[in-house]
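A short worksheet on the structure shown next.
The values are calculated or read from the model by the stated rules, or taken from the named source; none is laboratory data. No experiment lies behind these values; they were computed from the predicted model shown. No Cβ is skipped: glycine too gets one built from the backbone with ideal geometry, and neighbour counts run over all protein chains shown. Side chains are part of the model used for accessible areas, which takes the heavy atoms of the whole protein and leaves out ligands, DNA and RNA. Shrake-Rupley method; radii C 1.70, N 1.55, O 1.52, S 1.80 Å.
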Amino acid sequence: MGIGLGVASWLTLLVFCSALINQASGLVDDSFKGRRFICHYTTWSRTRQNDGAYTIEDIPGKLCSHVVYNFVAVHEKTFEITSMQPDFDIGENGFRRFAALKDKFPNLKLLVAIGGWGHGGEKFSKMTETRDRRKRFVASVVKFLHKYGFDGLEVVWLYPGNFERGGNITDKDNFYYLIRELQKTFTDTGRDWEVSVQVPADKSRLDVGYQIDALCEAADYIHVIGYDLRGWWNNFADVHSPMADRAHDEGNFVGLNVENGVNLWLQGGCPADKVVLGVPLFGRTYLLDTPEGNSVGSPTIGAGSAGEYTNEPGYLGYCEICAMLPNMTIRWDEKAQCPYAFNAVEWIGYEDERSLRAKIDWAVEKRLAGIYAFSLDLDDYRGHCGTPYPLTLVIHKYYEETRKHTLVTWP
């Protein structure tokens with residue numbers, strides 16, 4: 001009788017193991033991709049005064065898996081990829097100096113970003129309108145990547161379907177066609193080039209401009225913008241990269257946060273191992289309405305003062321913020337998992353080591369492909385407040401600890 005039970009137990013175990021093997025055969029192993037930490041270089045930061053100037057040669061290639069060159073453009077007449085700052089990109093050998101980073105950092109991958117806020121959406125919209133224009137653009141990208149030795153393209157169209165920025169109703173489909181055609185052409189070349197897309201976390205923008213499931217299938221990576229979700233233009237003080245909803249969030253601000261924004265892409269059919277979370281190395285600043293009104297959600301009357309380096313009202317790099325903090329009151333928004341600081345006049349919502357670790361932990365929990373940070377020249381790169389690149393180093397530590405993790409997903 002004991003032998004009979006033993007045989008039955010073995011048969012049960014055999015059936016169970018067989019089921020596990022069959023289930024495991026459906027696994028998709030994307031470990032060759034690995035986790036990534038994408039850094040951004042901005043060409044305009046080179047024009048700052050004295051040691052504020054940030055050059056290509058300052059880029060800490062050992063801290064990043066990828067670095068992105070910001071920005072190139074769509075030519076408004078030929079619809080080809082073109083330099084946005086030819087005097088620097090070509091005249092001062094910006095493209096070739098950037099590509100030369102591989103001589104010093106052989107494992108570093110180099111991407112070029114096309115578009116950006118200043119570029120607008122109209123050129124993208126017109127370029128993608130017809131198959132012939134898209135074909136001309138894609139061919140020019142292939143030529144560009146061959147010529148300068150870059151490893152891929154990041155498309156930063158802000159935003160398809162947005163009429164105020166030159167978009168139209170057909171952008172949603174045409175954007176997908178563009179990414180699909182780029183991907184197919186890259187594959188046909190036999191080169192290991194990648195195409196990534198920078199996308200919003202705002203549902204209202206997604207509905208009019210993005211075929212989430214199709215776009216995720218076509219692109220290699222989706223870079224979700226986890227910042228600029230609030231700003232001085234909203235007329236109330238708030239951190240601009242909150243992790244979750246807070247009690248004061250109302251109307252269009254409900255759900256406008258990092259967790260919900262990324263989940264919109266995941267729930268829309270985007271595999272986690274294609275999603276990269278974007279984090280800011282800058283803060284958004286405000287002028288307080290009254291000295292006493294300094295809590296999150298308090299009324300504001302405009303943008304905070306421009307910084308010495310960034311020179312834009314309502315916007316400060318961490319390299320500027322860290323020098324101001326000793327003379328400000330610092331608080332922590334628990335739900336948002338972000339710090340903020342204020343004095344009698346100004347209010348700053350920003351990122352620090354603690355808030356970045358919270359975002360990193362969440363990205364690891366969600367098994368995302370990695371983190372991108374905007375941008376290197378906004379960190380305390382000269383170390384005026386302590387160790388150089390304090391925020392970049394926090395993310396680099398995460399990358400080193402997790403970059404060899406196998407990213408396995410269920411189909």
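The phi-based Karplus calculation (6.51 cos²θ - 1.76 cosθ + 1.60; θ = phi - 60°) puts the 3J(HN,Hα) values of segment 208-213 at 9, x, 9, 8, 4, 5 Hz, whole numbers, x for Gly and Pro. Here Lys366 is the anchor, and the lysines within straight C-alpha reach of less than 21 Å, apart from those fewer than 8 places off in the same chain, are Lys33, Lys203, Lys274, Lys335, Lys397, Lys404. Could you please state how large a percent of the accessible area of the chain is carbon and sulfur, counting protein chains only and using a 1.4 Å probe? Heavy-atom surface of the chain belonging to carbon and sulfur, 1.4 Å probe: 53 percent. Summarised as an ellipsoid, segment 225-336 has semi-axes of 27, 17, 12 Å, derived from the eigenvalues of the Cα gyration tensor scaled by 5 and square-rooted, with the largest first.
Given R₀ = 30 Å, FRET efficiency for Gln267-Thr187 by Cβ-Cβ distance, to 0.05?
E(calc), rounded to 0.05, equals 0.60.
Taken one residue at a time, the phi angles of segment 36-43 give Karplus couplings (6.51, -1.76, 1.60, θ = phi - 60°) of 9, 10, 9, 9, 10, 10, 10, 5 Hz. Gly and Pro are set to x.
Quick one: ranking Arg96, Arg246 by accessible area, 1.4 Å probe, largest first, what do you get?
Arg96, Arg246
Relative intensity of segment 265-315 on a log10 scale, I(q)/I(0) at q = 0.15 Å⁻¹, equals -0.63, per a Debye sum over C-alpha point scatterers of equal strength in the absence of solvent. Once every Cα of segment 93-213 carries one equal point scatterer and solvent is ignored, give the base-10 log of I(q)/I(0) from the Debye formula at q = 0.14, 0.18 Å⁻¹, two decimals. Result of the Debye calculation: -0.62, -0.96. Close amide H pairs (under 5 Å, H built 1.01 Å from N) link Ala303 with Leu287, residues at least 5 positions away or on another chain. Rounded to the nearest 20, the Cβ-based charge dipole of the chain about its Cα centre (Lys and Arg +1, Asp and Glu -1) stands at 1260 debye. For Gly370, the residues whose amide H sits under 5 Å from its own are Arg36, Leu277, ignoring neighbours fewer than 5 places away on the same chain, with H placed 1.01 Å from N. Using a probe of 1.4 angstrom and keeping all protein chains present, the accessible surface of segment 43-160 works out to 44 square angstrom per residue. Computed with the Debye formula from one identical point scatterer per Cα of segment 278-408, without solvent, the log10 of I(q)/I(0) at q = 0.14 Å⁻¹ comes to -0.65.
With Cα atoms defining each centre, segment 281-332 and segment 173-249 are spaced 27 Å apart in the structure. For Asp89, neighbours were defined as the other residues whose beta-carbon sits under 14 Å from its Cβ, and their charges (Lys and Arg +1, Asp and Glu -1) total +2.
Note on Arg97 and Lys404: the extension gain reaches 107.6 nm, defined as 0.36 nm multiplied by sequence separation minus the Cα-Cα distance. Just checking the listed ones, Asn93, Asn162, Asn260: in the Gaussian network model of the chain with Cα springs under 10 Å, the one fluctuating most is Asn93. Our helix-only sum for the chain, with -39,500 (n - 2.57) per DSSP H run of n ≥ 4 divided by its residues, gives a mean residue ellipticity at 222 nm of -10000 deg cm²/dmol. With N as its number of residues, the chain has a Cα radius of gyration that, divided by 2.2 N^0.38 Å, comes to 1.07. Surface analysis of segment 179-242 yields an accessible area of 37 Å² per residue, using protein heavy atoms and a 1.4 Å probe. Taking amide H as placed 1.01 Å from N in the peptide plane, the amide H of Thr310 sits under 5 Å from that of Gly317, each at least 5 places away or on another chain. Stretched out straight at 0.36 nm per residue, the stretch from Asp87 to Ala306 would grow longer than its current Cα-Cα span by 76.2 nm.
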